[in-house]
Amino acid sequence: MSAFDLDAYLARIGWHGPLEPTLETLTGLTRAHITRIPFENVDVLLGRGIRLDLDSIVQKIVVRGRGGYCFEHGTLFQAALEQVGFRPTAHAARVVVMVPRDQSPRTHMFLTVEADGERFVLDPGFGGHTAVVPVPLREGTEVRDGGDRHRMVRHADEWVLEAEIEGNLTPLWMATLEPHLPVDFQLANYWVSTAPASPFVNRLMLRTLTPGGRTSVMNRDVTVVSGTNTEKYQLADRKALRALLDEHFGFDLPDVETVKIPMIPEWS
């Protein structure tokens, strides 16, 4: 692994605050990372695969201004936190917001880290409904940020991250908090980016936060939230997708005009 350029990363996320390993710093970095680096799976649909070595992730996200999904976000954020002086631990979780636990493999990456004498959960790469601030690893303790509400609860021998969705606290993922190694995520990443059953292979999924709200894309369905206004529409074609990425996600990617999405027959 080559030297990690912390200054370049901080410029990418627009962070000019303190760098002491405190909760204040951890909160600021978490929010800056999630609000400046989008969630996206475009490279999977372009057939490029996803590389998880740190140099490749830095080139994609920091240098080229792209986004990524959980393994990329988690690996990059873990490296940044280590440079600042934190000691983050990587974990794998079963995403249960759409499917039951027994049908969900451990294919999501998140982090825990201690700050100011307490342990927190950080989830920079979940996409929709993620917490943009650290969540205390304490039974039932809620953290609120604007209209968002999250908490960690115990279920048997697992911890569950819950988020408020349409007024109800809903489980997002479940994890034992066993530490995981990079090789574990390499295996999970291969399945997520290549298996026919993986939703990342079959669907276009994008999300970015904006000062006034967020922009989300599922296949051709676009939702733009700005303040109290919500606009929903469908992408007409791949050229419209390219324009959307440039306007809302901060990068131009000509190759998306050839992207194939099995869930959209005319785009396959």
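The values are calculated or read from the model by the stated rules, or taken from the named source; none is laboratory data. What you are looking at is a predicted structure, and each value in this text was computed from that prediction instead of being measured. As a convention, Cβ positions derive from the backbone with ideal geometry for all residues, glycine included, and neighbour counts pool all protein chains shown. In case anyone asks, the SASA skips ligands and DNA or RNA and just uses the protein heavy atoms, side chains included. Shrake-Rupley method; radii C 1.70, N 1.55, O 1.52, S 1.80 Å.
Key figures
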{"read-out": "Residue in region 181-198 that is surrounded by fewer than 11 Cβ atoms within 10 Å (Cβ to Cβ), closer than 20 Å to THR75 by Cβ and either touching a residue at least 40 places away in the same chain (Cβ under 8 Å) or within 17 Å of the chain's Cα centre (by Cα) (or both) present", "value": "yes"}
{"read-out": "Unique match (being under 25 Å from GLY227 (Cβ atoms), exposed (fewer than 15 other Cβ atoms within 10 Å of the Cβ) and modelled with pLDDT under 95) among GLY167, GLY140", "value": "GLY167"}
{"read-out": "Tally of residues being among the β-branched types (Val, Ile, Thr), under 14 Å from the mean Cα position of the chain (by Cα) and open to solvent by 20 Å² or more (accessible area, probe 1.4 Å) across region 1-49", "value": "1"}
{"read-out": "Test set (1) farther than 30 Å from LEU54 by Cβ; (2) open to solvent by 50 Å² or more (accessible area, probe 1.4 Å); (3) over 20 Å from the mean Cα position of the chain (by Cα) - ASP221 fails condition number", "value": "(3)"}
{"read-out": "Sole residue being without any contact (Cβ under 8 Å) to a residue 40 or more places away in the chain, out of contact with any Lys or Arg (no Cβ under 8 Å at 6 or more places or on another chain) and open to solvent by 10 Å² or more (accessible area, probe 1.4 Å), chosen from GLU158, GLU231, GLU162", "value": "GLU231"}
